[in-house]
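K.L.:
The following block contains the structure, expressed as structure tokens.
Just so it is clear, none of the values below were taken in a lab; they were calculated from the coordinates. Values in this document were obtained by computation on a predicted structure and should not be read as measured data. Every residue, glycine as well, gets a Cβ built from its backbone with ideal geometry; the counts of neighbours run over all protein chains shown.
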Amino acid sequence: LRKERSRTEKLAVLSELAASVAHEIRNPLTVVRGFLQLTQQSLDEKNKSFISTAILELDRAEKIISDYLSFAKPQIEHISVIQVEELVNSTTDVIRAYASMRGVEMHTLPYPESLQVASDKHKLQQVLMNLIKNAIEAVPEHKEDGRVEVRISIERNFVKIEVADNGKGMTPEQVTRLGDPYYSTKDTGTGLGLMVTFRLVEAMDGKLIFHSKPGKGTQAVLYIPLFEKNKP
Ligand code: ADP
Ligand code: MG
């Protein structure tokens, strides 16, 4: 336990540092991007393409910072009682536009009774967001019936939230690599989303399990301890 605690403390210090560094780096990146775009207008085709590459790389840096920042947010542990369905709905609302842009339908299947967890709302939302975003991105671009389903249920003392897609799926080897830093199969992926997600879930005393079949799709199954009012 002692070892765990010092690790958590170190992580907190590191997180704060990372958050301020990320913030400081973002501003100059924005300025550089703006000037590159301005310069681009007066150039010949060849030099234009150099600038385009530079801008793409800047955007990549920005993405990496964003993914880290979500992990590095100052450790304000705002534990509250959360209505799971409400949080799922507000999260899918945020991400629905992204889904429809990629031609993917989003559905949530609610549970007949209201389920609650005691957790950090912002972080739980971050976890859901990462899982849903990956599910949407797993659907091949020209697939006709792309679909992401979020199902809420209960299993023993856990609220179970499943994020299922009918996307490209993964081999068992690929599944074992999930959460490894920088593991990504996407052109513009950072491979940091699930690393952050697994850490957050662990901090919530939850569990995250993936089932997947290549060519069929993936189910991410998230377990978060159920909040029981009358618990001793
Ligand atoms: P990124 O999204 O930036 O690639 P993540 O850590 O979020 O990084 O995901 C890592 C990798 O895991 C992805 O690149 C992808 O190969 C795989 N992956 C994650 N979720 C799914 C999914 N629902 N279906 C298929 N592959 C997935
Ligand atoms: Mg991702």
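K.L.:
Mind pulling the angle between the C-alpha long axis of helix 2-40 and the longest principal axis of the chain? Nearest 10 degrees, somewhere in 0 to 90.
P.N.:
30 degrees
K.L.:
Give the cross-link partners of residue 207 among the aspartates and glutamates, using a straight C-alpha distance below 17 Å as the criterion and excluding same-chain residues fewer than 8 apart.
P.N.:
Answer for residue 207, where 17 Å is the Cα cut-off: 120, 155, 162, 180, listed by chain and number.
K.L.:
Relative to the first principal axis of the alpha-carbon coordinates of the chain, what is the inclination of helix 45-72, with its axis defined by its Cα atoms, in degrees from 0 to 90 and to the nearest 10?
P.N.:
Between helix and principal axis, roughly 20 degrees.
K.L.:
Given only helices, namely DSSP H runs of n ≥ 4 each adding -39500 (n - 2.57), what is the per-residue ellipticity at 222 nm of the chain, to the nearest 500 deg cm²/dmol?
P.N.:
-18000 deg cm²/dmol
K.L.:
Let me ask something additional. How high is the relative contact order of region 55-180, in percent, counting Cα pairs under 8 Å that sit 6 or more residues apart?
P.N.:
24 percent.
K.L.:
Output the peptides 88-98, 186-196 sorted from most to least packed, where packing is the average of other Cβ atoms within 10 Å over each peptide's residues.
P.N.:
Details: 88-98: 15.3, 186-196: 16.9.
So the peptides 88-98, 186-196, ranked by packing, come out 186-196, 88-98.
K.L.:
In this model, which of 46/133; 48/133; 63/123 are farther than 29 Å apart at the alpha-carbon? Mind dumping the intermediate values first?
P.N.:
Numbers: 46/133 35 Å; 48/133 32 Å; 63/123 19 Å.
Exceeds cut-off: 46/133; 48/133.
K.L.:
Also, I was wondering about something else. Mind checking which of 119, 100, 212 has the largest fluctuation in a GNM of the chain, springs on alpha carbons under 10 Å?
P.N.:
100
K.L.:
For the chain, just list the percent of Cα-Cα distances falling in each 5 Å bin from zero outward, please.
P.N.:
In order of increasing distance, the bins hold 1, 6, 12, 15, 17, 16, 13, 10, 6, 3, 2, 1, 0, 0, 0 percent.
K.L.:
In Å, what Rg and Dmax follow from the Cα atoms of region 122-232?
P.N.:
Looking at region 122-232, its Cα Rg and Dmax stand at 14.5, 53 Å.
K.L.:
Quick one: length gained pulling residue 203 to residue 79 fully straight, 0.36 nm per residue minus the C-alpha distance?
P.N.:
Details: separation 124, 0.36 × 124 = 44.64 nm, distance 1.19 nm.
Value of the extension gain: 43.4 nm.
K.L.:
Taking the Cα-to-Cβ direction at residue 24 and at residue 38 and moving 7 Å from each Cα, how far apart do the two end points lie in nm?
P.N.:
Label-label distance for residue 24 and residue 38, simple model: 2.5 nm.
K.L.:
Next question. By DSSP, what percent of the beta bridges with both residues in the chain are antiparallel, rounded to the nearest 5?
P.N.:
85 percent
K.L.:
How far is helix 193-203 tilted off the main Cα axis of the chain, in degrees rounded to 10, range 0 to 90?
P.N.:
30 degrees
K.L.:
Hey, with R₀ at 30 Å, roughly what FRET efficiency would residue 143 and residue 56 work out to, going by the Cβ-Cβ distance, to 0.05?
P.N.:
0.70
K.L.:
I'd like the per residue volume of the convex hull spanned by the Cα atoms of region 157-204, given in cubic angstrom. Walk me through the numbers before you get to the answer.
P.N.:
Numbers: hull volume 5.2 nm³, N = 48.
Considering the Cα atoms of region 157-204, their hull volume per residue is 109 Å³.
K.L.:
Using 1/(1 + (r/R0)^6) with R0 = 41 angstrom and r between the beta carbons of residue 174 and residue 93, what's the FRET efficiency to the nearest 0.05?
P.N.:
On the way: r = 30 Å, r/R0 = 0.73.
E between residue 174 and residue 93, to the nearest 0.05, is 0.85.
K.L.:
OK, next. Using a Gaussian network for the chain with springs between C-alpha atoms less than 10 Å apart, which of these wobbles most: 17, 208, 124?
P.N.:
17
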